[in-house]
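In what follows, a single structure is set out as structure tokens and then discussed.
Readers should treat all values here as calculations from the given coordinates under stated rules, not as data from a laboratory. The structure displayed is predicted, hence computed values, not measured ones.
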Amino acid sequence: RYAYVNGRFHRHSEAAIHIEDRGFQFADAVYEVWSVRNGQLLDADGHFQRLQRSLGELRIPSPRTRAALEQIIAELLRRNRVRNGLVYLQVSRGQARRDHAFPRTATTPTIVLTCKRLDFAAADARAEAGIAVITVPDQRWARCDIKTVNLLPNVLAKQAAQEAGATEAWLVDADGHVTEGSSTNAWIVTKAGKLVTRPADNHILHGITRARIFQCSQLLDLEIEERPFTPAEACDAREAFLTSATSFVTPVVSIDHHTIANGRPGSLATALRQAYLDQS
Ligand code: PLP
């Protein structure tokens with residue numbers, strides 16, 4: 001297996017960054033994840049645009065043009081023989097003696113790319129069965145719209161989910177509303193058949209798949225209400241589901257061990273998953 005680090009491909013087991021890298025020291029870094037299906041990046045534009053925005057918000061200079069990144073990604077996928085899976089990209093502010101403030105003299109951003117195979121058949125099976133989620137307090141900062149590698153609250157939330165026998169954790173803010181999942185956006189369907197998801201403000205990541213569901217919902221003639229919802233409303237909803245680049249649309253069939261509707265994936269979530277895959 002191979003990884004790309006700062007201009008070169010290395011064996012994955014030998015690829016390394018410096019101990020004074022600000023990504024390692026301070027999580028002073030952003031990342032992006034693309035799904036790869038049949039050798040193609042899914043929603044390439046959206047993920048490249050979000051990468052630019054994340055870099056801009058942290059004032060990290062863009063280390064490569066999009067065209068250059070696309071070439072690197074194509075070569076990475078070729079070397080690793082990945083046709084179905086994901087590409088992970090991380091850019092940190094670079095290497096400097098440890099000091100919280102930005103280095104006085106400009107550093108060269110560190111850039112790392114890896115990829116791995118994913119078994120989308122297993123993901124399909126998970127979607128057909130539906131998944132369980134638990135809720136945990138949202139303990140993150142106020143700029144969740146920037147895709148930084150500062151993921152410790154997300155890590156702890158996902159671990160809590162696994163320990164509870166669930167697949168994902170939904171994060172609940174101080175007002176008692178669901179913000180999003182630890183690595184997914186959260187949705188419910190009301191009894192009247194409307195889709196509900198939290199507005200894309202600074203408390204959630206603006207999911208690229210979330211944005212695509214807005215397009216798919218138009219095709220299916222579904223209405224979306226962008227507003228916060230509580231775990232209680234979700235438990236009582238007709239359907240619930242989550243979205244992300246690697247899980248597409250995945251129906252949620254229980255929340256905190258409470259079964260949603262008849263405990264089976266909802267028809268709208270299933271239709272949206274199909275519409276998303278058909279349009280990709
Ligand atoms: N929310 C969080 C916190 C995430 O980490 C992710 C993806 O990694 C998402 C939502 C879903 O975003 P996307 O659809 O762009 O993968």
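Worth pointing out:
- Taking each DSSP H run with n ≥ 4 as -39500 (n - 2.57) and averaging over every residue of the chain yields -9000 deg cm²/dmol at 222 nm.
- On Cα atoms only, tilt of 66-80 relative to the major axis of the chain in degrees: 80 degrees
- Multiplying each eigenvalue of the alpha-carbon gyration tensor of segment 123-279 by 5 and taking the square root yields semi-axes of 21, 17, 15 Å, largest first, rounded to whole angstroms.
- Residues whose placed amide H lies under 5 Å from that of Ala240, excluding near-sequence neighbours: Val189, Val252, Gly266
- Segment 82-173 shape via C-alpha gyration tensor axes, a/c threshold 1.5: oblate
- Size check on the chain: the Cα extents along the three principal axes, sorted descending, read 56, 40, 34 Å.
- Every Cα-Cα pair of segment 206-247 was included, and the share exceeding 16 Å stands at 47 percent.
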